[in-house]
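The values are calculated or read from the model by the stated rules, or taken from the named source; none is laboratory data. Please read these numbers as outputs of a predicted model, since none were measured by experiment. A quick note on method: Cβ atoms are made from the backbone with ideal geometry, for glycine too, and the neighbour counts reach across all protein chains shown.
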Amino acid sequence: MKHTHARVLFAIMFIALSWCWAPPVFAADIFVEAENSHINLANTFEVNFFLDTQGVDINALEGNVVFPEQLIAVKDIKDGNSLVNFWVERPHVTNGTVPFSGIIPGGFESKRGLMFSIIFQPKQTGTGDITVHDMQVLLNDGNGTAASTTVQQFNITISREAPTSQPLETQQRDTVPPEQFEPVVTSDSSLFDGKYTLVFATQDKGTGIDHYEIKESREFHLWKWTFAEPGKWVIAENPYVLQDQELKSYIYIKAIDKNGNERIVTLEPLHTMKWYEIWWIWSIIGVSMFILFIGTKILWRKKTISKV
């Protein structure tokens, strides 16, 4: 389901940019590199996935990393220094592969653009290939022209005889929060039956984004006081269907990188809450009136007794 939603959003973004598909022209080269191809069974190793745009601008890409899962397992994925500005589907492990798709607003051109890196953990000895399947690249030409692609596979050998190396650091020293971003609330009949949906994404140039959390909170603000219905933070994926389809809630989006640094962005409600729409304010009023009634009754009894 997650992969399907990502593909729908990918298509919607293309339409929003007024693209139309055209026959493939030019060529983009995807190549895979690592420090060594002969890996010791006891060592993790990092593989980098690069894009050579062959001298032209591109603004969208997607593909699927395939690896011999009987030999190796994904330990970490690093996209902090990626050429991609907006991940429609951030690289992640699913069904033994790593799908990804992203957009680069304004275009990108380079002979050696890093898409992302994957750290693998050997599982057993043997040989296999790491490559990218179903690769698609679109040119930044205003027409969404598809470029033909060539993919270089990377052959690895896992053995006990290969030289050992120092363990890789899967996380860097990073104290910088993810970059500022601007979420958007949208509604499209082709996505989630037209329900109001939150679209969001940001970058983290250190360790990369780990996950997002969202909280929706109905609030009434009076001078320096804030009256709010308690909301809960929930782990969320982009795009996210809003729980409050009346759009009366403040929306808090928290981006968390792999070192725990946070960036929180707030969206104000489209429809402002009135104080009488918050149910627990009526509860407070009811309790206050009950206390006042009891207090008044006690005082009246005391006065009556004192007169006697």
Check the stretch 152-164 and report whether any residue there is modelled with pLDDT of 90 or more, assigned to a strand (DSSP E or B) and in contact with a His (Cβ under 6 Å, 6 or more places away or on another chain).
yes
Single condition D141 does not satisfy, out of (1) surrounded by 15 or more Cβ atoms within 10 Å (Cβ to Cβ); (2) within 25 Å of the chain's Cα centre (by Cα); (3) outside any strand (DSSP E or B):
(2)
